Amino acid sequence: MGWQRTEYERIAAALPAVAVRPHGSVVLPDASDGWSDLDLKLTADDPIPAGVISGGAGLWAYEDVRTPTRETLRMVLRDGRRIDLTVSGAGRIDGLQPAPDNDFRFIAAMAATKIGRGDLLIGGHLTLELIRSCLVVAMQLRDRDLGTTIHRRGSDRDRDAQQAMELATVPLTATPRPNVVEQVARRYSDWQSELDPAYRSDWSPLEALIDRGTSKSWDGANRGIEQVEG
């Protein structure tokens, strides 16, 4: 039994008042691979605790987009699994607590997944966004070092620009490890820690996601779920 099916059944059982319908690769097992997530459509009238969705794994990063009629929540769990939700009705996911580097984490997870799947255009685009975030931290470090945000010339921090751009030359491949996304994440952590000594990096969930994607023994046995239209 694949983890997607197990998690779908767990979430549905935990939310008896919510209509929970699977879609995507979970109902197309032949299309599943180690990078596959769990896609669910939820219809709810009341708030849904985020912890019920993430379960015992816990939430590492997410993207949450809300409109007056629906919510689209994309979650990366601490064990590297991903769950995408579309919520309609009056209910919304409640209790989300973003980490200070949540946006970077989420983009890193998406970049790793796209590269792992061979979508190098989007994977490369997202990786460049991560590198840009590194450069932003480097610019903040320069402002701190020099005590000003106005700069007519370069500084010793120009070395950081060279290091960041060297990362852009790392091949867009999931292996060998550490791959380009992992290398960029480590660079971000180094500079962010220099800027904010209280910052603590946490890349084990990203590594777990890539481990799952590149594993030869991923469990794709999702048979037994009937697709629900609508």
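Values in this text are rule-based calculations from the coordinates and carry no lab data. Just so it is clear, the model here is predicted, and its values are computed rather than measured. All Cβ positions, even for glycine, are placed from backbone atoms using ideal geometry, and neighbour counts span all protein chains on display.
Return the single residue from P98, P205, P16 with maximal mean-square fluctuation; model: Gaussian network over the chain, springs between Cα atoms under 10 Å. Most flexible of the set in this elastic network: P16. Whole-Hz Karplus values for segment 11-18 come out as 5, 4, 5, 6, 10, x, 8, 10 Hz, taken residue by residue from phi with 6.51 cos²θ - 1.76 cosθ + 1.60 and θ = phi - 60°; glycine and proline positions read x.
Expressed in units of 2.2 N^0.38 Å, where N is the residue count, the Cα radius of gyration of the chain is 1.14.
Tell me, what does the Kirkwood hydrodynamic radius of segment 1-132 come to in angstroms if you use every pair of distinct C-alpha atoms? Kindly include the intermediate steps, with their values, before the conclusion.
Working: mean 1/r = 0.0649 Å⁻¹.
Roughly 15.4 Å, rounded to one decimal.
Think of each Lys and Arg Cβ as +1 and each Asp and Glu Cβ as -1; about the Cα centre, that makes the dipole of the chain roughly 300 debye. Of the residues V180, V18, V170, the one that moves most in a GNM of the chain with alpha-carbon contacts below 10 Å is V170. The mean sequence separation of alpha-carbon pairs under 8 Å and at least six residues apart, normalised by the residue count of the chain, gives a relative contact order of 25 percent.
The HN-Hα couplings worked out from phi for segment 201-213 by the Karplus form 6.51 cos²θ - 1.76 cosθ + 1.60 (θ = phi - 60°) are 6, 8, 9, 4, x, 5, 5, 5, 4, 5, 4, 4, x Hz, whole numbers, x standing for Gly and Pro. Among T169, T43, T149, the order by Cβ neighbours within 10 angstrom, fewest to most, reads T169, T149, T43. In the chain, a dipole from Cβ-located charges (positive for Lys and Arg, negative for Asp and Glu) runs towards its positive end, and of L28, L167, Y199 it is L167 whose Cα lies farthest in that direction. If a spin label sat at a point 7 angstrom from the Cα of D190 along the line to its beta carbon, the backbone N atoms of segment 154-179 nearer than 17 Å would be those of 156-171, 178-179.
With all pairs of separate Cα atoms included, segment 102-201 yields a Kirkwood hydrodynamic radius of 14.1 Å. Put in order of Cβ neighbour count within 10 Å, fewest first, the listed residues M75, M139, M165 become M165, M139, M75.
The relative contact order of segment 3-94, computed from alpha carbon pairs under 8 Å that lie at least 6 residues apart in sequence, is 27 percent.
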